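The values are calculated or read from the model by the stated rules, or taken from the named source; none is laboratory data. Just so you know, these numbers come straight off a predicted model, no measurement behind them. Cβ atoms come from the backbone with ideal geometry, glycine included; neighbour counts cover every protein chain shown.
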Amino acid sequence: MENVLDIKHLSMHFGGLKAVDQVSLTVKRREIVALIGPNGAGKTTLFNCITGIYEPTLGDIFISPPGGGQKRINGKKVNEITERGLARTFQNIRLFQNMSVLENVMIGRHCRAKAGILGAILKDKKTREEEQDIIERSYAILKKLGLDAYVNELAKNLPYGAQRRLEIARAMATDPFLLLLDEPAAGMNPQETRELDALIVRLREEENISILLIEHDMKLVMSLSDRISVMDYGQMIAEGEPAEIRQNSKVIKAYLGEDFHA
């Protein structure tokens, strides 16, 4: 199966600190891969390198969009990486709190808009049609994620779990082939986490996307992941299917603990 993400010997140094140290990782088409490890292991730094927030010190990041061949994305800007088909959510919710739920998703959708500055000013027929298409597509995404009842609510007024789903909806509005989720279950109650599990699997199946997620909820990780990669002190210490990771002595010692049962 083709790799949609291929990270080779990636390092990210901050002065003398090696936050990410010679990490290699792959995600295959339509695969769900979880990235786990203790706080400070370098997981979010790796995400920031993939999505253009940081430019890696060493190594390579390649993506393979559907039908597009392999492309190296080191040093690309955040918006350029989004346009190439990568989208992400953040550990700390980053919604536009004083905008409506629909407007939050429309902002994500606008990266696919073709109207330039002149079209936006003149509001010609083509621009108006494109804006209507953005509204309709954004609403369809909200409906798919069970958020259509909140369409005109301000984002800040949504329940916590719905705000988490809205972040995913905004990311999906960019038409990604690879979705990166940074602790999507953080702060969720057990029912919300079960719903998130089902949502992530459904998005993979219905949208034909690949998913890379950072997560500390091990029941969620073990239930939905095809493969799990484990980081500790900036290095990759293990990779494998959930059953393998559950039994891996290095992972148990570094992160899961001897009493782990999932």
Hits in region 207-252 (condition: assigned to a helix (DSSP H, G or I), under 27 Å from residue 167 (Cβ atoms) and either in contact (Cβ under 8 Å) with a residue 40 or more places away in the chain or among the aliphatic types (A, V, I, L, M) (or both)): 218, 219, 220, 221, 222, 224, 245
Residues being farther than 18 Å from residue 35 by Cβ and among the hydroxyl-bearing types (Ser, Thr, Tyr): count how many of those fall in region 163-202. 1
Within region 201-245, work out how many residues are crowded, with 18+ Cβ neighbours inside 10 Å and of a type in the set (Lys, Arg). 2
Just to be sure I understand, how many residues within region 12-36 are small (Gly, Ala, Ser) and crowded, with 17+ Cβ neighbours inside 10 Å? 2
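Table: residues versus (1) in the same structural domain as residue 40 (by TED's automatic domain parsing); (2) in a loop (DSSP other than H, G, I, E, B); (3) buried (at least 22 other Cβ atoms within 10 Å of the Cβ).
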| residue | (1), (2), (3) |
| --- | --- |
| 136 | no, no, no |
| 140 | no, no, no |
| 146 | no, yes, no |
| 152 | no, yes, no |
| 163 | no, no, no |
| 169 | no, no, yes |
| 185 | yes, yes, yes |
Assigned by TED's automatic domain parsing to the domain that holds residue 233, touching a residue at least 60 places away in the same chain (Cβ under 8 Å) and of a type in the set (Lys, Arg) - does that describe any residue in region 35-48? yes
Quick check on region 189-196. Is at least one of its residues assigned to a loop (DSSP other than H, G, I, E, B) and among the hydroxyl-bearing types (Ser, Thr, Tyr)? no
Does residue 41 count as touching a helix residue (DSSP H, G or I) at 6+ places or on another chain (Cβ under 7 Å) and among the small types (Gly, Ala, Ser)? no
